[in-house]
Amino acid sequence: MKLRHFKYLASLLLVSVLSLALGLTGLAWGEKPKGEPIKIGYVQTLSGLAMVYTVGALRAFQLGAEEINDAGGVLGRPLKIIVRDDKGIPSEGLKFAREMVINEKVDLLAGVIVSAVALAVSEYAKSQKTLFVVDGATSSAITEEKGHDYLIRVGTDTTTDRGRGLARIMKDMPNKKFFTITHDYEYGWRIISDFWDDFVKVRKDVERVGEIKVKLGTPDFTPIISAIMAANPEVVVSGIWGSDSVSFIKQAKAAGMFDKIKLFTGSEVV
């Protein structure tokens, strides 16, 4: 999706969320905002493998706020976005959430692409009765097992269009030998379990000949690719995302893995 499209989606998100969080019913279009700013604490992984998504997403969020402020703000109040980089670490995300709620006095929290970070921030938001809008993290646990009244997800989840969706797409394939690879944390665990649990319900004849979990930010997939090829699967199902997906696919292609093995991914490939 082009950045200009993200701009309008971000604008709509900001307006909708603020209306829910603050009981606002409309915008003061055309008037210069004069009231106290409405503060949004934006926690995001702005470094490492997630940058391919998050840097552009942050800019879109900022463009949306600028557009709303140029049009008069929300009932005369300007939007102010306060940004923190959680580096994909749950303890960092939790630290920044606390700092922004307690010290910055933000009206709501938003952002987060790493599911483990989202779960940590979500629990804190619940304890503080502060609205948290998740715009990237997709583990279904965030809105299912760990869902609460102060949480809104504006994206997809691992169960519907990713795990189960992939299972339904692949159910009519003739292949029977599968190998799974994913990141070793909440999102990676959930997307593969959502996929495989549903897949074996519709395909009783399939076998998982191996599974590997890798660290976020893995630079060298060579030994992993060798292990996959040694297991001789017909299909590899991947939950790897971000720049790691690029590294894995490039290295797998160079090793000749795709000459005999198909790759299906339930995560974004950039």
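The values are calculated or read from the model by the stated rules, or taken from the named source; none is laboratory data. These numbers come from a predicted model, not from an experiment. A quick note on method: Cβ atoms are made from the backbone with ideal geometry, for glycine too, and the neighbour counts reach across all protein chains shown. Just the protein is used for accessible areas: all its heavy atoms, side chains included, with ligands, DNA and RNA removed. Shrake-Rupley method; radii C 1.70, N 1.55, O 1.52, S 1.80 Å.
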Boolean, residue 132 is more than 28 Å from residue 47 (Cα to Cα) and open to solvent by less than 40 Å² (accessible area, probe 1.4 Å): no
Say we look at the stretch 11-59 and pick out the residues that are open to solvent by less than 50 Å² (accessible area, probe 1.4 Å), part of a loop (DSSP other than H, G, I, E, B) and polar (S, T, N, Q); which of these is modelled with the lowest pLDDT? 47
Count - residues of the stretch 148-162 that are more than 12 Å from residue 186 (Cβ to Cβ), open to solvent by less than 50 Å² (accessible area, probe 1.4 Å) and in contact (Cβ under 8 Å) with a residue 40 or more places away in the chain: 2
Quick check, is residue 145 out of contact with any Pro (no Cβ under 6 Å at 6 or more places or on another chain), surrounded by fewer than 22 Cβ atoms within 10 Å (Cβ to Cβ), in a helix (DSSP H, G or I) and of a type outside the set (Phe, Trp, Tyr)? no
Counted residues in the stretch 78-97 being over 18 Å from residue 130 (Cβ atoms) and surrounded by 23 or more Cβ atoms within 10 Å (Cβ to Cβ) come to 1
Any residue that is assigned to a helix (DSSP H, G or I), of a type in the set (Asp, Glu) and modelled with pLDDT of 90 or more - is there at least one of those in the stretch 177-189? yes
Looking at residue 107, is it of a type outside the set (A, V, I, L, M, F, W, C), in contact with a strand residue (DSSP E or B) (Cβ under 7 Å, 6 or more places away or on another chain) and modelled with pLDDT under 90? no
For residue 68, indicate whether it is outside any helix (DSSP H, G or I), open to solvent by less than 40 Å² (accessible area, probe 1.4 Å) and in contact with a helix residue (DSSP H, G or I) (Cβ under 9 Å, 6 or more places away or on another chain). no
Can you run down the residue pairs with Cβ atoms below 6 Å, 6 or more apart or on separate chains, where the first is in the stretch 99-125 and closer than 28 Å to residue 242 by Cα and the partner is of a type in the set (D, E, K, R) and part of a helix (DSSP H, G or I)? 115/186; 116/186
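Each row is one residue, and each column tells you yes or no for (1) open to solvent by 70 Å² or more (accessible area, probe 1.4 Å); (2) farther than 28 Å from residue 113 by Cα; (3) touching a Phe, Trp or Tyr at 6+ places or on another chain (Cβ under 7 Å).
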site	(1), (2), (3)
188	no, no, no
191	no, no, no
195	no, no, no
198	no, no, no
203	no, yes, no
209	no, yes, yes
215	yes, no, no
220	yes, no, no
225	no, no, no
Taking into account only those residues within the stretch 113-129 that are β-branched (Val, Ile, Thr) and open to solvent by less than 20 Å² (accessible area, probe 1.4 Å), which is farthest from residue 148 (Cα to Cα)? 114
Across (1) within 20 Å of residue 187 (Cα to Cα); (2) β-branched (Val, Ile, Thr); (3) modelled with pLDDT of 95 or more; (4) open to solvent by 10 Å² or more (accessible area, probe 1.4 Å), residue 102 clears everything bar (1)
